[in-house]
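These notes concern the structure reproduced below.
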Amino acid sequence: MNPRVEVIVPCSNHGHLLESCVRSVLSQEKVEVRVVIIDDASTDATEQVGRRLASLDSRVEYRRHQVRRGHVATCNEGLAQLTAAFCLLLTADDLLTPGSLMRATRLMTAHPEVGLTYGRDITFTHSAPFGAARSGEHCGHRIMGYSAFLYRSCRLGQTPIQSSTAVVRTSLHRQVGNYLPDLPHTGSTEVCLRLAAHAAVCELDADQAFRRVRADTMNPDHTPLRHFAEQKKAFDVHFNAYRRVRPEIASLEPILNRTIGQAAFWRGARAFDDNDVRLCDAYLACAAATWPDLASWEPFRQFRWKRRIGPVGSRWVETLAVRIRAGAFWRGRAAGIGSGVAAR
């Protein structure tokens, strides 16, 4: 018997993309799928598309909110009614690659200790590049325990998982609980860390989904500075909940702080070069608050003199230094040529 997978599709005003998303799930081979579309009070054609898809295929169910509840509440509603052995949350503007559910469930069936699988995603803007997917029926994999997964996540400053590729054992999802309302933007980060604390995680060497680069990532409010703060909050929530039962956190938490602190610093340095002193100060404040050792870090110590003389002055000094180094190089080269001629 083929494994059963329920795919929850939260949808908010993505009616023009919904059918492609659902079709990518219904076309999955060697699995039994059920798609639950939850329309969060969309004002576009989502309702018409959702009801039509449900009328055409008994594997599709459509639900609609009369009042907008938000992404977190919508996802938790879907998770609360799962009945299949495996589940996936797939936003309506993303798509699955061929065979993605088969690869994930086959691995998890063969390895009962694995509670979560994920793979690569292919980003796109307008239409998914189906020919670009590198995904055969079989693929390599890497199974990680909590320590290895957390170490990798701390080095990245976020988990390596995109939610559109994350297939989870339903029993594990019930065990760890829902998405947290206090983390509307990084709830998936915290949930993945929570899942990893209770079961092994497997990375599949395959392209598992197509992920559309969404308009909200281009919103002025969706800045790297906000991203750093939200990722730090998600990790902190996890650390505070598990540090008593997971001693690994004590040695890995400083790695996360350094990763985010250094990334924020380099963003600040770039803002300084762009004459945006206010943004520079905001990034540096974030870096200092996140990573206490920032003040003793050599790149930061070198950066302080640049701030003292200002963006214009620092560029003049750097230009002068380049010219001095170039002059020294050519003088050394000329001396070497001269000595070679004299020797002959």
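Annotations for the structure displayed:
- Screening Gly70 on (1) open to solvent by less than 70 Å² (accessible area, probe 1.4 Å); (2) in contact (Cβ under 8 Å) with a residue 40 or more places away in the chain; (3) on the phi < 0 side of the Ramachandran plot shows it passes everything except condition (3).
- Residue in segment 104-114 that is modelled with pLDDT of 95 or more and closer than 23 Å to Ser20 by Cα present: yes
- When residues in segment 241-270 are screened for being at pLDDT 95 or above, farther than 30 Å from Thr91 by Cα, in contact with a helix residue (DSSP H, G or I) (Cβ under 8 Å, 6 or more places away or on another chain) and aliphatic (A, V, I, L, M), 3 of them pass.
- Residues in segment 131-144 that are open to solvent by 40 Å² or more (accessible area, probe 1.4 Å), at pLDDT 95 or above and not charged (D, E, K, R): His141, Ile143.
- Qualifying residue in segment 117-130 (condition: open to solvent by 20 Å² or more (accessible area, probe 1.4 Å) and among the acidic types (Asp, Glu)): yes
- Search result, residues across segment 267-286 that are hydrophobic (A, V, I, L, M, F, W, C) and farther than 17 Å from Gln158 by Cα: Ala269, Ala271, Phe272, Val277, Leu279, Cys280, Ala282, Leu284, Ala285
- All positions within segment 276-296 that are among the polar types (S, T, N, Q) and touching a Gly at 6+ places or on another chain (Cβ under 9 Å): Thr290
- Yes/no for Glu77 being touching a strand residue (DSSP E or B) at 6+ places or on another chain (Cβ under 9 Å), assigned to a helix (DSSP H, G or I) and at pLDDT 95 or above: yes
- With respect to (1) closer than 21 Å to Arg211 by Cβ; (2) surrounded by fewer than 24 Cβ atoms within 10 Å (Cβ to Cβ); (3) out of contact with any Asp or Glu (no Cβ under 7 Å at 6 or more places or on another chain), the lone exception for Gly15 is condition (3).
- Screening Gln28 against (1) over 25 Å from Gly99 (Cβ atoms); (2) part of a loop (DSSP other than H, G, I, E, B); (3) open to solvent by less than 70 Å² (accessible area, probe 1.4 Å) leaves a single unmet condition, (1).
- Extreme residue, least open to solvent (accessible area, probe 1.4 Å), among residues of segment 280-290 that are of a type in the set (A, V, I, L, M) and in contact (Cβ under 8 Å) with a residue 24 or more places away in the chain: Ala287
- Count - residues of segment 45-61 that are open to solvent by 30 Å² or more (accessible area, probe 1.4 Å) and under 26 Å from Pro181 (Cα atoms): 2
- Scanning segment 91-111 for residues that are open to solvent by 20 Å² or more (accessible area, probe 1.4 Å) and at positive phi returns no hits.
- Flag for Asn13 being at positive phi, assigned to a loop (DSSP other than H, G, I, E, B), free of Cβ contacts under 8 Å to residues at least 60 places away in the same chain and not hydrophobic (A, V, I, L, M, F, W, C): yes
- Scanning segment 169-219 for residues that are assigned to a helix (DSSP H, G or I), free of Cβ contacts under 8 Å to residues at least 60 places away in the same chain and of a type in the set (Val, Ile, Thr) turns up Val176, Thr189, Val191, Thr217.
- Just so you know, in segment 193-240 the residues that are open to solvent by 60 Å² or more (accessible area, probe 1.4 Å) and modelled with pLDDT of 95 or more include one that is nearest to Val22 (Cα to Cα), and it is Asp205.
The values are calculated or read from the model by the stated rules, or taken from the named source; none is laboratory data. Computed from a predicted structure; not experimentally measured. Quick reminder, even Gly has a Cβ in these numbers, built from the backbone with ideal geometry, and neighbours come from all protein chains shown. Areas reflect the complete protein model, heavy atoms only, side chains present, ligands, DNA and RNA absent. Shrake-Rupley method; radii C 1.70, N 1.55, O 1.52, S 1.80 Å.
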